[in-house]
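Student: Okay, here's the structure, questions in a sec.
The values are calculated or read from the model by the stated rules, or taken from the named source; none is laboratory data. The structure presented is a predicted model; accordingly, all values stated were derived computationally and were not measured. Cβ placement follows ideal geometry from the backbone for every residue including glycine, while neighbour counts extend to all protein chains displayed. To get the accessible areas, we keep the full protein, side chains included, count just its heavy atoms, and leave off ligands, DNA and RNA. Shrake-Rupley method; radii C 1.70, N 1.55, O 1.52, S 1.80 Å.
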Amino acid sequence: MKLRWSPTSPYVRKVVMVAIECGLEDSIERQETNAWSPDTDLPQDNPLGKVPALILKEGTALYDSPVIAEYLDTLHDGRRLFPPTGPARWTALRLQALADGICDAAILRRLEANRPDGEKSPSWMERQRRAVARALDVLEGEAAGLGDELTIGTLSVLVALGYLDFRFGHEDWREGRPALTRWFTAMADRDSFRRTAPPPA
């Protein structure tokens with residue numbers, strides 16, 4: 001399998017963490033891809049022009065991160081990151097959606113901030129900031145129940161919080177969220193999380 005990837009993408013980080021946790025890292029060839037390059041061939045594998053995209057041995061391309069992660073979770077015999085059915089599955093999927101939404105909003109805010117002066121929308125950036133803050137407050141309220149067992153939900157939350165540290169480290173999400181901070185501190189010591197840290201900004 002071949003993974004179109006970028007070392008700074010939180011969605012890529014999620015997929016690579018899943019691969020490591022499932023024991024599949026050596027089965028995946030990584031192809032670093034600049035999705036923003038005007039001459040990139042990425043749309044041949046993902047018409048949306050986004051990473052990650054996973055190209056299977058027979059040539060089928062899978063995207064985006066939730067689909068790739070669930071596919072990888074079917075390729076091993078260990079404990080599943082995606083619970084098979086019932087309330088545990090819906091909790092894990094909801095947490096994944098919440099965490100991916102944090103990343104979505106943070107990326108939109110960052111892209112807006114990088115636009116030329118006169119084209120930026122402060123109200124749009126503030127809307128994204130508030131969305132992230134609300135999601136973090138929900139996670140603070142649920143932190144005691146997140147536990148230390150990795151699911152696609154808790155893995156995605158780890159990635160989202162790591163992305164905030166990476167891109168918005170000057171705005172400490174930990175302030176006022178002691179339970180979430182304790183959970184993150186304990187879980188961030190996982191090998192798969194440490195090994196997939198983005199390069200220094």
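Student: Specify which of the listed residues (Trp183, Trp124) is free of Cβ contacts under 8 Å to residues at least 60 places away in the same chain, touching an Asp or Glu at 6+ places or on another chain (Cβ under 9 Å) and under 27 Å from Pro83 (Cβ atoms).
Tutor: Trp183
Student: Out of region 37-92, which residues are without any contact (Cβ under 8 Å) to a residue 40 or more places away in the chain and in contact with a strand residue (DSSP E or B) (Cβ under 8 Å, 6 or more places away or on another chain)?
Tutor: Within region 37-92, Leu42, Ala61, Leu62, Tyr63, Tyr71 qualify.
Student: Determine the pairs where a residue that is farther than 17 Å from Tyr163 by Cβ, located within region 127-149, has a partner that is of a type in the set (Lys, Arg) and surrounded by 12 or more Cβ atoms within 10 Å (Cβ to Cβ) with Cβ atoms under 9 Å apart, the partner being 6 or more residues away or on another chain.
Tutor: Arg127/Arg109; Asp137/Arg177; Glu140/Arg177; Ala143/Arg177; Ala143/Arg182; Glu149/Arg79
Student: Quick check on Ala186: is it over 22 Å from Ser65 (Cβ atoms) and in contact with a Leu (Cβ under 6 Å, 6 or more places away or on another chain)?
Tutor: no
Student: Continuing with the same structure: Go through region 110-191 and tell me which helices (runs of 4 or more DSSP H), entirely inside it, have 3 or more residues that are open to solvent by 70 Å² or more (accessible area, probe 1.4 Å).
Tutor: Where helices (runs of 4 or more DSSP H) fall fully within region 110-191 and carry at least 3 residues being open to solvent by 70 Å² or more (accessible area, probe 1.4 Å), they are 122-146, 178-187.
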